[in-house]
Every structure is written in C-alpha cells, then in structure tokens.
Amino acid sequence: MKYANSLLDLIGNTPLVRLNQTLDLPGDGPLVLAKVEYLNPGGSVKDRIATRMIEAAEASGALQPGGTIVEPTSGNTGVGLAMVAQQKGYKCIFVCPDKVSEDKRNVLKAYGAEVVVCPTAVAPEHPDSYYNVSDRLAAEPGAWKPDQYSNPHNPRSHYETTGPEIWEQTDGRITHFVAGVGTGGTISGIGRFLKERAAEQGRDVQVVGADPAGSVYSGGTGRPYLVEGVGEDFWPETYDRDIADRIIEVSDADSFAFTRRLAREEAMLVGGSSGMAAFAARQLAHELAEQGRNDAVVVVLLPDSGRGYLTKVFNDEWLGQYGFASGAQADSRTVGEV
Ligand code: PMP
C-alpha cells in the first residue's frame with residue numbers, strides 16, 4: 001500500500017512545468033520553467049516555512065504543547081501554520097490587513113483558526129496596524145509569534161528544501177531564478193543556495209526579484225498596490241539585500257493580465273503574485289533571446305493558486321473598477337447567445 005501518514009509528509013517536492021504560449025517568443029528562446037507551489041497540500045509555498053518555523057519553536061521550547069500561534073499574515077502563511085497546527089494540536093489566531101480577500105480569510109477559519117482583520121491604510125507603527133495588533137496578542141500567556149518577517153527558519157526552509165529541489169530538477173543547469181518578494185524568504189533562501197552551488201562550478205546563477213511598482217524593493221515607499229502577498233513598505237530581516245542581482249518592477253495591470261493569461265493559455269490557475277513573477281520571467285526571456293542566449297534555463301516560482309482570488313483577479317468587474325483589462329476575451333456568454 002502507498003500512503004502518507006499525514007498531509008504534512010506531502011509538503012515540498014513540487015514539479016517544474018515549462019511555460020509555452022505565454023512567453024510570446026518569436027522563435028526559439030530560453031527554457032522557462034515554473035515551480036508550481038500551489039501543489040503543496042495547503043495550496044502555497046508557505047507550507048514549507050510553516051513546518052520549519054513550528055518545528056524549530058518546538059525544539060527551542062518557544063512553543064509549548066497546547067500553545068497558541070499568533071501571526072500577521074496575508075493568508076498563505078496562515079494556511080500553512082493552521083494546517084501544521086491542526087495536526088500538532090495548537091490553536092491559531094491570524095491577523096490580516098483588510099485588503100486580503102474574504103475567500104482567503106474563510107480558508108483560515110475552515111482549519112479552525114481565528115481571524116482578526118486590521119485596516120491597510122494605517123502606518124506600520126499605528127496601534128491598529130496588523131503588525132502591532134499581532135504583537136499585543138502574542139504577548140498573551142502561551143502565545144508564540146513565528147514572525148515570518150524576522151524568523152531565520154523562513155529563508156532557511158527554502159535554502160534546505162526549495163533550492164535543492166530546483167537544483168536537482170534542472171540537473172544544475174539553471175541560469176536564472178525569478179521570484180516575487182514579500183518577506184524575502186523565498187528569494188533569499190533559494191537564491192543563496194543556487195548561487196553557492198553554481199559557484200562550486202565556477203559560475204553564477206542570476207537572481208531576479210519581481211516587485212509591484214511602488215514597493216520598497218523597487219525603490220518605492222510602499223504606495224498601496226493591489227497584488228497580494230508581495231512588495232513591502234519596510235525592509236524585513238528575512239530579505240537578504242545581497243542576493244538579488246536585479247529587481248524587475250511590474251505594474252498591477254501587467255500582473256493581473258498575465259495571471260489571466262496563465263490560466264487561459266497554460267491552464268495554470270495561479271494568484272496575482274504568480275502572474276507578476278511570471279511576467280518578469282517573460283521579460284527576462286525576451287532579453288535573453290535578443291542576446292542570443294537560448295541556452296539559458298530560467299526558473300520562476302509561482303507561490304499560490306488562483307482559487308483564492310476568484311472574486312478579484314478572475315472577476316472582470318473587479319478588474320474594470322480599477323481600469324484594468326482582463327487580458328482574456330469571451331470570458332462568458334449568456335445562454336441563448338450564439
Ligand atoms: N506570493 C504570495 C501570494 C505570498 O503570500 C507571498 C508571501 N508573503 C509571496 C508571494 C512572497 O514570498 P516571500 O514572503 O517568501 O518573499
């Protein structure tokens with residue numbers, strides 16, 4: 001018989017899938033491979049850091065049996081933590097900014113977690129900011145705050161799992177790695193691992209960050225943008241400023257239109273931050289093709305599924321409200337029309 005003892009055993013080892021139509025390359029071009037993280041059991045890349053952060057807190061004694069996990073999260077880290085906590089018998093309280101979709105909040109509640117919603121429009125130092133509310137809740141007895149923005153096990157989980165997977169899956173031939181930046185854990189952990197392994201071969205892997213226009217990583221101050229899970233208005237400790245060789249800034253409009261294209265043309269139903277990262281990878285692929293570097297192997301990480309954004313990115317009215325095109329035609333047809 002073949003079975004897993006727990007869902008937790010199924011985290012990681014996600015596949016690489018080639019991007020085809022959406023690259024719009026005139027002829028041959030570099031190979032662009034998507035690391036499809038929505039195939040993790042909790043539906044996102046964040047399952048990886050949740051497991052590692054909880055195990056480390058158990059080992060250090062910071063999290064005691066029957067304790068409560070308190071975290072400010074845009075949803076995915078919450079799902080990962082809620083899933084691991086359910087299996088290990090911990091309570092969870094999540095603090096979310098109000099821009100996070102209701103679907104995402106309901107997923108957290110479905111795992112048995114409590115969700116506290118805070119305004120997006122206040123500064124991080126404001127008492128109602130989601131950072132401060134979670135600090136207050138984390139000060140309660142028995143509470144432990146993983147703090148994905150400063151916890152070294154966030155980037156470390158990628159250094160120890162996602163990075164080695166990508167290296168092995170590409171037979172060590174990866175030349176460029178592209179990822180969106182939120183806490184920076186993904187790009188810092190994977191980027192460092194890939195650069196170290198490539199250095200052993202006397203070469204480099206170019207690490208490219210994708211960032212929503214307005215966020216600090218691409219030189220902004222944190223102007224509100226709509227794409228969820230990426231971009232920041234401060235510099236988290238989990239982001240290693242020495243890792244990214246380059247940051248590609250992507251507008252909300254391009255992120256959302258490309259997210260729609262990934263579903264329609266590659267059958268990949270992913271979230272807006274995946275569309276953003278893949279759009280940056282497409283731009284990079286075009287640059288490489290122009291330089292005649294068709295032997296390049298680009299890997300782009302797609303963090304989560306589009307299921308949590310059906311009322312936003314995948315809703316034409318929602319997009320239209322912000323003046324964005326859907327990037328897709330003939331989405332729906334009333335019965336009776338020809
Ligand atoms: N996309 C989504 C949907 C996310 O939730 C996150 C995590 N905030 C990211 C991308 C960015 O990953 P990281 O925090 O590792 O930089």
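Taken together, the values in this text are just the output of simple stated rules run on the coordinates, not laboratory data. On a predicted model such as this, the values are computed, not experimentally measured, just so you know.
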If you average the alpha carbon positions of region 6-62 and of region 146-209, how far apart do those two centres end up, in angstrom? 12 Å
Around residue 92, which amide H atoms from residues at least 5 apart in sequence, or from another chain, sit under 5 Å from its own amide H, with H modelled in the peptide plane? 69, 114
Prolate/oblate/rounded label for region 217-338 (Cα gyration tensor, a/c 1.5): oblate
What whole-number distance in Å separates the alpha-carbon centres of region 113-140 and region 256-323? 31 Å
Volume in Å³ per residue [convex hull over Cα atoms, computed for region 180-263]: 97 Å³
Compute the whole-percent fraction of alpha carbon pairs in region 198-245 spaced more than 15 Å apart. 52 percent
The correct pair for region 86-182, radius of gyration to one decimal and Dmax as a whole number, both in Å and from Cα atoms, is 17.3, 49
Over region 79-143, with a single point scatterer placed on each C-alpha, what log10 of the ratio I(q)/I(0) does the Debye formula yield at q = 0.17, 0.20, 0.24, 0.28 1/Å? -0.62, -0.82, -1.05, -1.19
For region 293-302, Karplus-derived ³J(HN,Hα) couplings (6.51, -1.76, 1.60; θ = phi - 60°; whole Hz; x for glycine and proline) come out as 8, 6, 8, 5, 10, 9, 10, 10, 8, 9
re region 1-141: pairs of Cα atoms spaced beyond 18 Å account for a percent value of 63 percent
So what is log10(I(q)/I(0)) for region 223-272 at q = 0.21 1/Å, when the Debye sum runs over its Cα atoms only? -0.89
Mind checking which lysines have their Cα closer than 25 Å to the Cα of residue 99? Skip sequence neighbours fewer than 8 apart in that chain. 46, 91, 109, 145, 312
Run through every distinct alpha carbon pair of the chain and return the Kirkwood hydrodynamic radius in angstroms, one decimal place. 20.4 Å
When all alpha-carbon pairs of region 133-245 are counted, what percent fall beyond 21 Å? 43 percent
Log10 I(q)/I(0) at q = 0.25, 0.27 Å⁻¹ for region 28-82, from Debye over equal alpha-carbon scatterers, is -0.99, -1.07
